[in-house]
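Comments concern the structure below.
The values are calculated or read from the model by the stated rules, or taken from the named source; none is laboratory data. A quick note: this is a predicted structure, and the numbers were derived from the prediction, not measured. With ideal geometry, Cβ positions are generated from the backbone for all residues, glycine too; neighbour counts draw on all protein chains shown. Quick note on the areas: whole protein, heavy atoms, side chains included, nothing else; ligands and nucleic acids left out. Shrake-Rupley method; radii C 1.70, N 1.55, O 1.52, S 1.80 Å.
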Amino acid sequence: GSSAELEELGRTGPVRSLAVDLADPAGPARLTALAGDRIDILVNNVGSAPARTGGFLAITDGDWQASITLNLMAAVRTTRATLPVMLAAGQGAIVSICSVNARLPDPGVMDYSAAKATLASFSKSLSKEVGPQGIRVNTVSPGPVATDLWLGKGGVAATVGAATGARPEDVDRKS
């Protein structure tokens, strides 16, 4: 979705927005095409961490695939679509938002943790390849952030709370 602030910037400033499904393999190329022939920075900031309260055996192949597609492959595909423009310019920066769960895996978000660990490894490998060509590649790995993903209706705190009998605010305080 969009926001009133983003829509206002689109009307009054140098901002263009495009609704793109980054889980769709064609989505990243559509987004990159909007940027044109100059891309200074790419921030891969898409993800979803559904709480898996049923444990490992309850995580289906479909769950694994959806998590890998959104938390890893969206960044891989967007980077692949963006990198040629940066390489042609001889400069650029790619920042991928990972997670503390990349280094501190949590069984409650096992598939998410694995996908974000893979994203961190991908980013490090890519930095070694393209760093010498003027492209900086970094990751940021925050812990829980007060967003709808964590605190919203149907978010991690509410899902874990419903499964354990705890209040969502108590789940949030324990994180």
Amide H of residue 139: which non-local residues (sequence gap of 5 or more, or other chain) have their own amide H closer than 5 Å, using H built in the peptide plane? 96
Just to check I understand the Karplus step: with θ = phi - 60° and J = 6.51 cos²θ - 1.76 cosθ + 1.60, what whole-Hz values come out for region 121-133, glycine and proline as x? 5, 4, 4, 5, 4, 4, 4, 5, 6, 9, x, x, 9
Quick tally, 1.4 Å probe accessible area for 56, 122, sorted with the most first, runs 56, 122
Based on the mean of other beta carbon atoms within 10 Å per residue, what is the order of 66-76, 16-26, most packed first? 66-76, 16-26
Residue-by-residue Karplus 3J(HN,Hα) for region 97-110, coefficients 6.51, -1.76, 1.60, Hz, glycine and proline x: 7, 8, 6, 4, 5, 5, 9, 10, x, 10, x, x, 9, 4
On the accessible surface of region 1-74, probed at 1.4 Å with all protein chains in place, carbon and sulfur together account for a percent value of 57
Between beta-carbons, use under 14 Å as the cut-off and find the net charge around residue 121, counting Lys and Arg +1, Asp and Glu -1. +3
Note the full-extension length gain between residue 64 and residue 35 as 0.36 nm times their separation in residues minus their Cα-Cα distance, in nm to one decimal. 7.3 nm
Under 5 Å between amide H atoms, partner at least 5 residues away or on a different chain: which partners does residue 42 have, H built in plane at 1.01 Å? 93, 94, 95
